[in-house]
Amino acid sequence: MKQALRTTAALAAALLAAGGLAACSGGGGGATTLDPEADVTITWWTGQTDEAHDILTGLAEEFEGEHPNVTIDVSQGASSTEELLQKLSAGFASGSYPDMSYAFGSWASQLESTGRTLDITEATQDPELGWEEFSEAARATVQPTGEKVIGFPALVDNLSLIYNKTVFDAAGQPYPTEDWTWEDFRAAAKATTDEASGTYGYAYSVSGSEETTWQFWPHLWQRGGSILSEDGTTAAFDSPEGVEALEYLRTLAVDDRSVYLDQTDTKFAQLFAADKIAMMTSGPWQLYDLGVAGTQYGVVQLPGVDGDHQTVSGPDIWALFDHRDANRAYWTTEFAAWLTSPEQDERWNVAYGNLPLRASEIDSAAFAEQVAAMPGLEVMAANGANAEQARPTVPGYVGLSEAVARAIGQVLQGQGTPQEALAQAADEADEALAR
């Protein structure tokens, strides 16, 4: 998983407090009326490693060339993406923060709560922007409370079913298809498990991280369950649908013994590449490594329940920030819209091996070139249409996720029942949400 929850409750609290301080101190100020021709400088934190940062820097220079009155001060912002949240927190407190920054989607509601984000809801109504081309999950992530749109999608992914052709062939089993049910999946996992050779039909993380949790959400959603109550204040995953979903996973791991339980979040992918695991539910970040390893694999959408093949996505965002300057706000929004347009995204996300941000890019020559290098990428791109719901971005989600991950790990390792484990997790999650 490329994106994960890497913040803590303490850091979230610091961010909220810093936002309050910045609001009291004024935190900026500038042009009160828009003059698109005025000289303006905007600051952009890319949050990327060197190679990706260089690509983005080149795009910023191109935008400057097309708009001579605009200067974009580009930097990585911090030594790692994970440190951006703390850097933003410090910037809010001092009144020195960027106009635009990369941010994990899980930070969205915390950033909005500071009162420092830019509200671009009106801009998204422009038909030329093509806002509907972004997936539902991506659009929901940049509108964390359902009120303001605080930025643009920056990166999208999703979980798909990746299967090992070598293992399936050895077991004499037909490959998965796009219309598989989870019962089809269970039968294949049993049939491809071979204790003598140490081969498993499936793998699941029991590390207690977000990797453990987000693999569970499609099972919950496909059965009609929800993560949170309708008002978003309490846990709802301990519903009959949630219990049914966890019971299904328990049968694979405990009754069928067809699941490799990974304590590390990383070993299962290595075993899959070595032809020791038949199936894994993962995303586009795995395909390059599988190609390098020479693994014979295929990709389909997730199995479904009653024709529902919902997946989970981990969208990240370009968060936009308000400096009370009409010109900076205008050009920050214009640059973000330009950067996430199909033409530029093909030279950024697609060229870098990520999924395209927009559905219209799937048929592009640039994406076809990447698909040739990483077969299955086109299936994952199309699977974005199954990303119908977004993981909550409420501050308490971190604690909720940890509670759910513990419950899943216990049950898959034969400790307790799904109903008991999820009930306990819901109590812990409610405490986190209340905090």
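The values are calculated or read from the model by the stated rules, or taken from the named source; none is laboratory data. Please read all numbers here as calculations on a predicted model, not as lab measurements. Positions of Cβ are backbone-derived with ideal geometry, glycine not excepted, and every protein chain shown enters the neighbour counts. Accessible surface is based on the protein model in full, side chains and every heavy atom, while ligands, DNA and RNA are left aside. Shrake-Rupley method; radii C 1.70, N 1.55, O 1.52, S 1.80 Å.
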Among bridges DSSP assigns within the chain, what percent are antiparallel (round to 5)? 60
Between region 228-250 and region 394-412, what is the C-alpha centre distance in whole Å? 12
Give me the lysines in straight-line cross-link reach of K148: C-alpha distance below 28 Å, same-chain residues under 8 apart excluded. K2, K87
Could you pull the accessible area for T117 with a 1.4 Å probe, rounded to 10 Å²? 20
For region 23-119, what class follows from the C-alpha gyration tensor (a ≥ b ≥ c being the square roots of its eigenvalues): rounded when a/c is under 1.5, otherwise prolate if a/b is larger than b/c, else oblate? oblate
Distance in Å, no decimals, from the C-alpha centre of region 323-372 to the one of region 191-207 is 39
Loop-resident sites, region 194-295, for trypsin sites (Lys or Arg not before Pro), counting at most 14 other Cβ within 10 Å (DSSP): R257
May I ask you to list the chymotrypsin sites (Phe, Trp or Tyr not before Pro) in region 264-347 that are in a DSSP loop and have at most 13 other Cβ atoms within 10 Å of their Cβ? none
From the Cα gyration tensor of region 312-392, with a ≥ b ≥ c the square roots of its eigenvalues, which class applies: rounded if a/c is under 1.5, or else prolate if a/b is larger than b/c, or else oblate? oblate
Using a 1.4 Å probe, how large is the accessible area of L433, given in Å² and rounded to the nearest 10? 30
How much accessible area per residue does the chain have, counting only protein heavy atoms and a probe of 1.4 Å, in square angstrom? 40
Just to make sure I understand: if all protein chains stay in place, what is the order of H53, H219 by accessible area at 1.4 Å, largest first? H53, H219
In whole percent, and with a 1.4 Å probe on the protein chains, what portion of the accessible area of region 204-334 is carbon and sulfur? 45
Do any GluC sites (Glu not before Pro) in region 56-163 lie in a loop, going by DSSP, with at most 15 other beta-carbon atoms within 10 Å of their beta carbon, and if so which? E122, E147
Computed log₁₀ I(q)/I(0) - Debye formula, equal Cα scatterers, no solvent, region 148-230, q 0.11, 0.24, 0.27 Å⁻¹: -0.45, -1.30, -1.36
Rounded, prolate or oblate for region 223-330? Axes are the square roots of the Cα gyration tensor eigenvalues, ordered a ≥ b ≥ c, and the cut-off for rounded is a/c under 1.5. oblate
Cross-link partners of K190 among lysines (Cα-Cα below 22 Å; sequence separation of 8 or more within a chain): K165, K267, K276
If we count every other residue with Cβ under 15 angstrom of P176's Cβ, Lys/Arg +1 and Asp/Glu -1, where does the sum land? -2
